[in-house]
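Here, each number is a calculation from the coordinates, and none is a lab measurement. Nothing here was measured: the structure is a model prediction, and the numbers come from that model. Every residue, glycine among them, receives a Cβ derived from its backbone with ideal geometry; neighbour counts consider all protein chains shown.
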Amino acid sequence: MPAIRKPRALKRGATLGIAAPAGPIDRERVEQGESMLRKLGFETVCAEDITREAGYLAGSDERRAGEFMTLVNDPDVDGIVCARGGYGCHRIIAHLDAEAVRKQAKPVMGYSDITTLLLWQLKKAGLMGFHGPMLDRSESLSADSKRAISTALLGQGSPPRIAGKSMQRGWGEGRLTGGSLKLIVASLGTPWEVDTRDTILLFEDTNEAPYSIDRMLMQLVCAGKLERVVGVGIGNLTDCTNPTRPRPTAIEVCEEILAPLGVPIVRDLPFGHTDENLPWALGCRAAIDGDRGEIELLETPVAKR
């Protein structure tokens, strides 16, 4: 992996390019998301064909990859916010230019399927990226989450703390990595396979039954990916239930599998498929405090110009 580089900090009035590298999004949600970003003080731009659909994808692989790289290389675009997740990023990775992504050093924000793009960017371009809100849920985002988008991209204020609840006591320091649990697991065996050595692993997910959470965590255990983590943070596990077998719950499964690691664990962190979706940066140095139930960034995740 190349040396880790921070994306460039934006200035108020900067232009954000909207990318749809995964699933399709309709025009109304694009417009709602652009309106939110303009209210935060940014300008926006997107391709005319951003709402194109090809089954469960936002157009062909070539369209989606070309759109993303056009935004990366466009000198009038300062950062990139993804429209939605779903599925599709795995299909475009081979068409992306890691060297150009690193050189342009633009902040990229998204979550869910965008986890694949962020893990690839960190591994192959050595560039931090933001796990954070997209356009698809912009109308229901909390006020704190909206403000946090601006704060993160502008690099304002002190590095933030993200507060949850303690699951296991202790303290650790390392770089943040992770995202959607299913996409973390799906990275195994790929060129962008998640590197968990000396990291704080953060994950969230949606619509996965507890047994599925169990299987994915055990896949990470069996692959040796949890042997050197210094801490674990669990975000929102949205609708991760099984009505026919309510116990164990998803969070109980997490505790059973993760507690033997002997590292600090914080649960109920405000990020993921929920209205409270605070951004955090893959590759950023952070500390996890299992006693207080907090994760604190130890550096600003953008570089001031």
TODO: Show the residues, 5+ positions off or on another chain, whose built amide H is closer than 5 Å to the amide H of Met167.
DONE: Ile265, Val266, Arg267
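Provide the percentage of antiparallel DSSP beta bridges, counting only those with both residues in region 161-297; round to the nearest 5. Please list the in-between numbers first.
On the way: 15 of 29 bridges.
Roughly 50 percent of the beta bridges in region 161-297 run antiparallel, per DSSP.
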Open item on the list: Order these by the 10 Å Cβ neighbour count, fewest first: Trp171, Trp120, Trp280.
Closed with: Trp171, Trp120, Trp280
Open item on the list: Helix 143-154 against the longest principal axis of the chain: what's the angle in degrees, Cα atoms only, rounded to the nearest 10?
Closed with: 70
Task: Cβ crowding within 10 Å averaged over residues, with 104-110, 160-166 ranked highest first - done: 104-110, 160-166
Open item on the list: Around Lys39, under 14 Å between beta carbons, what's the net of Lys plus Arg minus Asp minus Glu among the other residues?
Closed with: 0
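For each pair in Lys39/Lys103; Lys106/Lys165; Lys39/Lys123; Lys39/Lys124; Lys106/Lys225; Lys11/Lys39, compute the distance between the two Cα atoms and list the pairs where it is over 23 Å. Kindly include the intermediate steps, with their values, before the conclusion.
Values: Lys39/Lys103 29 Å; Lys106/Lys165 33 Å; Lys39/Lys123 33 Å; Lys39/Lys124 34 Å; Lys106/Lys225 29 Å; Lys11/Lys39 14 Å.
As for pairs spanning more than 23 Å Cα to Cα, those are Lys39/Lys103; Lys106/Lys165; Lys39/Lys123; Lys39/Lys124; Lys106/Lys225.
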- [ ] Before rounding to the nearest 500, sum -39500 (n - 2.57) across all DSSP H runs of length at least 4 in the chain and divide by the residue total; then give [θ] at 222 nm in deg cm²/dmol.
- [x] -8000 deg cm²/dmol
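Can you tell me, using C-alpha contacts under 8 Å and at least 6 residues apart, the relative contact order of the chain as a whole percent? List each step's numbers first, then the result.
Details: 752 pairs, mean separation 67.6, N = 305.
Worked out over the chain, it gives 22 percent.
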Task: For the chain, built as a Gaussian network whose Cα springs stay under 10 Å, the top-fluctuating residue of Arg285, Arg245, Arg175 - done: Arg245
TODO: Could you calculate, for region 1-130, the ratio of the Cα radius of gyration to the Kirkwood radius, expressed as Rg to Rh?
DONE: 0.94
- [ ] Using only Cα atoms, find the angle between the long axis of helix 27-39 and the longest principal axis of the chain, and express it within 0 to 90 degrees, rounded to the nearest 10.
- [x] 90
Open item on the list: On the principal axes of its Cα set, how long, how wide and how thick is the chain? Give whole Å, largest value first.
Closed with: 49, 42, 36
